[in-house]
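Input: a single structure, listed below in structure tokens.
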């Protein structure tokens with residue numbers, strides 16, 4: 001675990017997977033991690049989804065590592081030819097991939113002498129990385145520098161993520177939402193005024209299509225509960241002052 | 001529409017939205033666009049999700065525009081303070097935002113003289129942009145250079161996307177999947193051999209957790225149906241040759 005003085009305040013998620021870019025799979029791991037970061041009070045600042053191409057992974061990794069406190073990757077650490085994330089991480093940090101002895105020992109215990117090349121491949125970690133161990137898989141993720149390398153299988157990703165969340169954030173974010181049946185254009189300027197009074201509260205407006213009627217939500221989030229409460233109160237007062245009109 | 005000689009072969013999607021990064025909203029528009037690109041035969045090469053911060057939008061836009069044939073953006077074109085995508089696009093292309101006359105006329109027709117500032121804001125397009133008109137909203141998206149600027153509301157995004165899909169791709173991709181109950185590590189090397197025989201077929205292996213049993217899918221996609229068929233046949237022959245073993 002990172003010491004409390006260096007908890008990560010900003011993070012990015014790098015999803016590696018052709019299956020997301022081809023529309024086969026609806027992305028789930030970044031969605032989970034986004035919720036976790038919010039609850040931990042860490043600002044998730046970017047999500048990038050790139051294909052199983054080593055150069056693309058390295059480019060994105062280098063860019064995100066420099067820009068944010070920490071990067072969490074998802075996918076590409078299995079035994080097949082399209083699993084190249086560990087190789088990319090090692091190349092990015094300019095280190096070798098080494099078999100992780102404890103993992104090899106566990107594999108021997110379970111499979112006897114028969115550890116095939118695929119399993120050995122999955123037991124490799126970049127030199128200097130700490131393993132990320134979880135109960136859902138023998139195979140470790142890796143923590144090296146400010147990068148956390150996780151599996152793409154959602155159950156394993158979730159379990160690995162859980163194991164190091166204490167490295168992130170500080171004061172949790174809280175969110176309140178207000179259902180709104182008024183066209184956005186009628187309250188946009190007033191909402192902007194409230195936003196400028198509460199720079200520490202993030203205020204967003206999310207309309208939906210509901211036939212001819214206007215509908216949507218105003219969403220407020222902050223780390224300070226009292227400020228959030230006051231901002232929400234201002235929004236409610238403002239909304240109640242708007243006369244009804246054509247949608 | 002882009003002329004047939006310049007159909008976009010690669011694309012990126014740029015989602016602008018704090019609501020996705022905070023885990024409030026599960027991303028849906030990039031998922032839809034990924035499926036559309038696959039069906040059209042355009043390679044979706046990257047998805048980036050960034051916050052409602054102008055500098056971040058411009059940075060990502062410039063990077064993606066240079067790298068891929070086209071960029072589709074989602075979100076941030078409403079009337080509220082957090083809707084800054086059109087401003088970012090205009091700044092990135094170094095042009096002004098101008099009211100779109102046809103849209104203003106439509107608004108007058110519907111609302112009479114009462115077009116408020118919010119609606120006027122949404123009627124702005126970057127100078128030189130073509131409007132993206134759809135049946136779900138009065139308010140236009142924008143097509144400028146190789147960038148398509150779409151709304152974040154999923155129904156409007158979908159309708160706007162549909163209107164210019166003919167600019168993309170060429171020969172549709174086709175996908176076949178094979179359910180597999182063998183640990184990946186037992187077929188990883190053989191699958192790699194098949195992949196190297198079929199560089200024009202994208203082969204991925206996607207395991208799931210199914211208790212103690214191995215399970216997952218091998219997924220093959222290509223633009224050439226015959227090649228896809230032959231690759232799939234090779235994978236099936238390979239899988240049938242593997243003796244059952246400990247998961």
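The values are calculated or read from the model by the stated rules, or taken from the named source; none is laboratory data. Since the model is a prediction, treat every value here as computed from it, not as a measurement. Every residue, glycine as well, gets a Cβ built from its backbone with ideal geometry; the counts of neighbours run over all protein chains shown.
Miscellaneous remarks
- Here residue B:62 fulfils each of the conditions (1) touching a strand residue (DSSP E or B) at 6+ places or on another chain (Cβ under 6 Å); (2) at pLDDT 95 or above apart from (1).
- Hits in segment B:154-187 (condition: at pLDDT below 95 and in contact with a helix residue (DSSP H, G or I) (Cβ under 6 Å, 6 or more places away or on another chain)): B:169, B:185
- Restricting the search to helices (runs of 4 or more DSSP H) fully inside segment B:1-117 and requiring at least 3 residues that are at the interface with chain A (Cβ under 8 Å from one of its Cβ atoms) and crowded, with 21+ Cβ neighbours inside 10 Å gives B:18-21, B:29-40.
- Single unsatisfied condition, residue A:149 versus (1) within 30 Å of residue A:93 (Cα to Cα); (2) in contact with a helix residue (DSSP H, G or I) (Cβ under 6 Å, 6 or more places away or on another chain); (3) at the interface with another protein chain (Cβ under 9 Å from one of its Cβ atoms): (3)
- The number of residues in segment B:5-37 being over 21 Å from residue A:24 (Cβ atoms) and out of contact with any strand residue (DSSP E or B) (no Cβ under 9 Å at 6 or more places or on another chain) comes to 2.
- Within segment B:120-131, the set of residues being farther than 16 Å from residue B:162 by Cα, away from every other protein chain (no Cβ under 14 Å) and surrounded by fewer than 17 Cβ atoms within 10 Å (Cβ to Cβ) comprises B:127, B:128.
- Those residues of segment A:118-131 which are part of a strand (DSSP E or B) and over 29 Å from residue B:193 (Cα atoms), in sequence order: A:130, A:131
Here's the yes/no breakdown for (1) touching a helix residue (DSSP H, G or I) at 6+ places or on another chain (Cβ under 7 Å); (2) over 21 Å from residue B:89 (Cβ atoms); (3) without any contact (Cβ under 8 Å) to a residue 12 or more places away in the chain:
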residue	(1), (2), (3)
B:19	no, no, yes
B:24	no, yes, yes
B:27	yes, no, no
B:35	no, yes, yes
B:39	no, yes, no
B:44	yes, no, no
B:47	yes, no, no
B:58	yes, no, no
